[in-house]
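Read the structure below first, then the notes.
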Amino acid sequence: MNEEKTIKKFFQNRDILKWVIVGLAGFVVFLLVFGAGVKVGTLKARYSYRWADNYHKNFAGPRGGFLGDWQRIPAGDFISGHGAFGEIIEMKDDGFVIKGRENVEKVIVTDENTTITKGRETIKDGMKVGDNVVIIGSPNEEGQIEAKLIRVFSENDPKRLPLRSRPIPFF
């Protein structure tokens, strides 16, 4: 009879141990997911802060910045640092400036490793003020985007035309 009680107790303790291990594993997974979220949020905040901090340098504003020592980020979403879409408003030696969503201006830096495509062709030059572009890249410490891939949309691209002015392919 004692052996049966001992065996029952052993299996009960084993079940408890199993649930404790499952609970600890779940807690570790929760901590890893939370840590990853904190890391991504920190990177986005750092890019937005650097962008705001270097705005006057990138756009030739006053030396102390437009707002002096007040360097707070305005309320709202962070600025996207890994890509942009907009119209080229200024060409520079090492890149260009675009006006994107909500009229936010971003400095795009290019180098010899930047791939530029227009349609299905890869081009070296050919971008000009007024072109609409999509940029994929990574942020740098000066609040600029270092372009890895740039796609140029021409004015004759049928995808850019409003829906009503597109030719109807069935007639």
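The values are calculated or read from the model by the stated rules, or taken from the named source; none is laboratory data. In this text, all values refer to a predicted model and were calculated from it rather than measured experimentally. Every residue, glycine as well, gets a Cβ built from its backbone with ideal geometry; the counts of neighbours run over all protein chains shown.
Odds and ends about this structure:
- For region 81-112, a tally of residues being under 13 Å from Ile136 (Cβ atoms) and in a loop (DSSP other than H, G, I, E, B) returns 3.
- Of all residues in region 115-137 being hydroxyl-bearing (Ser, Thr, Tyr) and surrounded by 13 or more Cβ atoms within 10 Å (Cβ to Cβ), the one that is nearest to Ser48 (Cα to Cα): Thr115
- Flag if Glu112 is at pLDDT 65 or above, surrounded by fewer than 10 Cβ atoms within 10 Å (Cβ to Cβ), among the acidic types (Asp, Glu) and not assigned by TED's automatic domain parsing to the domain that holds Gly143: no
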